[in-house]
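The values are calculated or read from the model by the stated rules, or taken from the named source; none is laboratory data. Quantities reported herein were computed from a predicted structural model and do not represent experimental measurements. Cβ sites come from the backbone with ideal geometry, for glycine too, and all protein chains shown count toward neighbours. For the accessible areas, the whole protein counts, side chains as well, though only heavy atoms, and no ligand, DNA or RNA atoms are used. Shrake-Rupley method; radii C 1.70, N 1.55, O 1.52, S 1.80 Å.
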Amino acid sequence: MGITTQDQFLTAHAHSVQALLLSGTHPVTSDTLRLLPSPGLIVTTSAGLNHIDLPECQRRGISIAGAGNLYSEDLADLAVGLLIDVLRKISVADRYIRRQLWPSKGEFPLGFKLRGKQVGIVGLGSIGLEVAKRLEAFGCNILYNSRRKKPSIQYPYYSNILELAKNSDVLIICCELTEQTRHMINKEVLLALGKEGVIINVGHSAVIDEQEMMGCLMRGEIGGAGLDVFEKEPDVPKQLFALDNVVLSPHRAAHSQETILALRDLVVGNFEAFFSNKPLLTPVIMNQLF
Amino acid sequence: MAPHNNSYPSQHDLPNVLILKLPPSFVIFGEHFFDSAKFRFLKAYESSLPLPQFLLAHAQSVQAILSSGGAPVTADTICLLPNLRLVVTTSQGLNHIDLSECRRRGIAVAGAGTIFSADCADSVVELLIDVLRKVSAANRFVKQGLWSSQGDYPLGSKLGGKRVGIVGLGNIGSEVAKRLEAFGCSISYNSRNKKPSVPYAFYPNVGELAANCDALIICCALTDETYHLINKEVLSALGKDGVIINIARGPIVDEKELVRCLVEGEIRGAGLDVFEHEPDVPHELFALDNVVMSPHNAVFTRESFEDLRKIVVGNLEAFFSNEPLLTAVNLDDQPHFSG
């Protein structure tokens, strides 16, 4: 591997670096970490951890502080917002009015009721639980798939994602990207979700096979989609632009103004705790991950 | 089509139900949507006669009217129908019916009951999420290809912790409250009367409610008292960070004043399903990204229309069988709207 400017910078400052601050966009590999003799801490602002070489961190005894549950409420709010928009066609209705079609074209297409819908949550971590809590208030029935069944949770558990899709009207992706979840939502799962099924993704784009999903949407094999994440952001496949049953969000589900301010406090708090030898505010517990 | 069966009375023996104007249900589902073997419809809108003459021609035979929001039942109409004993409406609102005149004449009124409350509440929450988190504006941004060319879209505002003020804590208002509590909002309300069994803070007037909330949600009926209830003072009390959501009736809000506040940035944003002069919407709103609009369809789901069909047919069949109505309105409790 050639020496990059980043590598040169790191090598020059290596001995003084005790901690790193990361966002989700830049991976930290074992090669990068090898250039730093004594990093004690990585603080990441992202919701996920797939950009960090976790086994290497565990091996080297590097602590990681994540975002904790900071984004869960905003993510859940947006997931619900995207779902209702797709079912009730709110974005389409708003555009209808702005184009002054209401006086001339009269009635607008009907939407679908939320109450009684079977909502399959993929990944029942803190985000999934916040989504469940909200949708229960709308009268939806919650089902879920997760790495492991959660004994304290009453919702019906499906160990197999295909079975979850068959029994759901809606799938909401709230899980981390891992080797198991990469392209977990494939053509088979989408077809099981079916012609009136809706998929919402506020997790990681690679959990869904984007090409297959687009094919299903274009052929009407699923009913609609609400998407906050995409394979090649910010370049979103243009075929999605013309679809009224698809609502797009520019990777903003986790971020409200209030949450960004809270993030700042959390990041600063974690660094201050580390440098004062106090417990981290939001430590990532390694043995829970793999 | 109503089933053809020799044990039923022939079409000519069936009692008449008058329909003044084409209801939205017929536009969407066809004119047999409310068919029953127990009554037939007399469609005034299909006649070439002007309405008063049509009514005079059929006066004696009309015992019931099927009304919708766009087909007012006025004192003038009522007075031409001496045998009228029931008005069934397909709408949630009752402001298009002269309730005082119905009460005076002993005419029963049957409404939509609670069938629309869930859909209405869902629409309220969606409009609020959309305005605060910029859902449809961001969707527009992405679909115009601007995310690639212009970069990130501005951040929205979190729902959790917002103080929500509900104007009118009836069935719909209660369903709204239940949903928004799950988002971490705190609920307060103004209503004609304080409700003792309800855990939310009560404000005796709308101005005080507006001054103490971040999102004002209009869920009340349109009456003489609530006409232009949301006026300049209330909007000013709501303030620059405040949002207003209206799924009730356009005339509850002073629309000119609302538009001015939105254009001049005196409130944060608005989610509107209803307008003062539908289907005309003030053009100034079209350029605003902090406004989300829908064409008076907060209750328009397939499932709700099926529920409506059962309620309308059920009420009319009960009436003609001398059985209790399914969703009778208590006229003693209803304030009037002069229109």
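For this structure, a couple of remarks:
- Taking one quarter of the surface of the convex hull spanned by the alpha-carbon atoms of the protein assembly as shown gives a direction-averaged projected area of 33.2 nm².
- Length-normalised contact order for chain A - Cα pairs under 8 Å, 6+ apart - percent: 18 percent
- Two-site FRET efficiency, B:D332 against A:I153, from Cβ-Cβ distance with R₀ of 51 Å, rounded to 0.05: 0.60
- Prolate/oblate/rounded label for the stretch B:123-256 (Cα gyration tensor, a/c 1.5): prolate
- Full-stretch length increase - A:V17, A:A262 - with 0.36 nm per residue and alpha-carbon distance subtracted: 85.7 nm
- Label positions at A:E56 and A:M218, each projected 7 Å from the Cα along the C-beta direction, are separated by 3.8 nm.
- In the stretch B:3-102, taking the dipole from charged Cβ atoms about the Cα centre, the farthest positive-side position among B:P15, B:S100, B:P52 is held by B:P15.
- Area accessible to solvent at B:C120, 1.4 Å probe radius, in Å²: 10 Å²
- Angle between chain B longest axis and helix B:171-182 axis [Cα atoms, degrees, rounded to 10]: 30 degrees
- In chain B, the sites counted are trypsin sites (Lys or Arg not before Pro) in DSSP loop states with at most 12 other Cβ atoms within 10 Å, and the longest stretch holding none of them, exclusive of the sites, is B:1-193.
- A Gaussian network model of chain A, with springs between Cα atoms under 10 Å, assigns the largest mean-square fluctuation among A:F108, A:F271, A:F241 to A:F108.
- Listed residues A:V28, B:A211, A:Y144: farthest to the positive end of the dipole of the protein assembly as shown (Cβ charges): A:Y144
- Summing charges over neighbours of B:D254, with a neighbour being any other residue whose Cβ is under 12 Å away from its Cβ, gives -1 when K and R count +1 and D and E count -1.
- Positive-end residue of B:L288, A:I208, B:S136, charge dipole of the protein assembly as shown with Cβ unit charges: A:I208
- Ranking of B:H283, A:H251 by solvent-accessible surface, largest first: B:H283, A:H251 (1.4 Å probe, protein heavy atoms only, all chains present).
- Mean residue ellipticity, 222 nm, helices only, chain B: the sum of -39500 (n - 2.57) across DSSP H runs of n ≥ 4, divided by residue count and rounded to 500, is -9000 deg cm²/dmol.
- Net dipole in debye of chain B [+1 Lys, Arg Cβ; -1 Asp, Glu Cβ; about Cα centre; nearest 20]: 420 debye
- As a length-normalised measure over Cα pairs under 8 Å and 6 or more apart, the relative contact order of the stretch A:64-174 settles at 28 percent.
- Using Cβ point charges alone (K and R +1, D and E -1), the dipole size of chain A about the Cα centre works out to roughly 580 debye.
- GluC sites (Glu not before Pro) within the stretch A:138-180: DSSP coil, no more than 12 neighbouring Cβ in 10 Å: A:E179
- Separation in nanometres of the label points that stand 7 Å from Cα toward Cβ, at A:Q118 and B:S148: 3.9 nm
- 29 Å Cα-Cα threshold exceeded, pairs from B:K134/B:K195; B:K21/B:K178; A:K89/A:K232; B:K134/B:K232; A:K117/B:K240; A:K133/A:K166: B:K134/B:K195; B:K21/B:K178; A:K117/B:K240
- Counting 0.36 nm for each residue step from B:K195 to B:D76 and taking away their Cα separation leaves a gain of 39.2 nm.
- Global form of the stretch B:10-78, assessed from the alpha-carbon gyration tensor, a/c cut-off 1.5: oblate
- The stretch B:293-339, dipole about Cα centre (Lys/Arg Cβ +1, Asp/Glu Cβ -1), debye to the nearest 20: 200 debye
- Computing Rg and the Kirkwood Rh from the Cα coordinates of the stretch B:199-258 gives a ratio, Rg/Rh, of 0.93.
- Relative to the longest principal axis of the Cα atoms of chain A, helix A:257-275 runs at roughly 20 degrees.
- Using a Förster distance of 30 Å, the FRET efficiency for A:T25-A:K278 (Cβ separation, nearest 0.05): 0.55
- Each residue of the stretch B:298-314 was assigned a 3J(HN,Hα) from its phi angle through the Karplus expression (A = 6.51, B = -1.76, C = 1.60, θ = phi - 60°), giving 4, 9, 8, 10, 4, 5, 5, 5, 5, 4, 4, 4, 5, 5, 5, 5, x Hz with x at Gly and Pro.
- Sequence-distant contacts, meaning Cα pairs under 8 Å at least 6 residues apart, place the relative contact order of chain B at 17 percent.
- Each eigenvalue of the Cα gyration tensor of chain B, multiplied by 5 and square-rooted, gives one semi-axis; in descending order these are 40, 22, 19 Å.
- Helix-only arithmetic for chain A: the sum of -39500 (n - 2.57) across DSSP H runs with n ≥ 4, divided by the residue total, places the mean residue ellipticity at 222 nm at -10500 deg cm²/dmol.
- Each residue of the stretch A:135-149 was assigned a 3J(HN,Hα) from its phi angle through the Karplus expression (A = 6.51, B = -1.76, C = 1.60, θ = phi - 60°), giving 6, 4, 5, 8, x, 7, 9, 9, 10, 8, 10, 8, 3, 9, 4 Hz with x at Gly and Pro.
- Sequence-distant residues sharing a close amide H with A:A65 (under 5 Å, placed H): A:I42, A:V43, A:T44, A:V284
- Computed from the C-beta positions of B:R103 and B:H32, the FRET efficiency with R₀ = 30 Å rounds to 0.35.
- Amide H contacts of B:I97 (H built 1.01 Å from N, in plane; Pro and chain starts excluded): B:V73 sit under 5 Å, all sequence-distant by 5 or more or on other chains.
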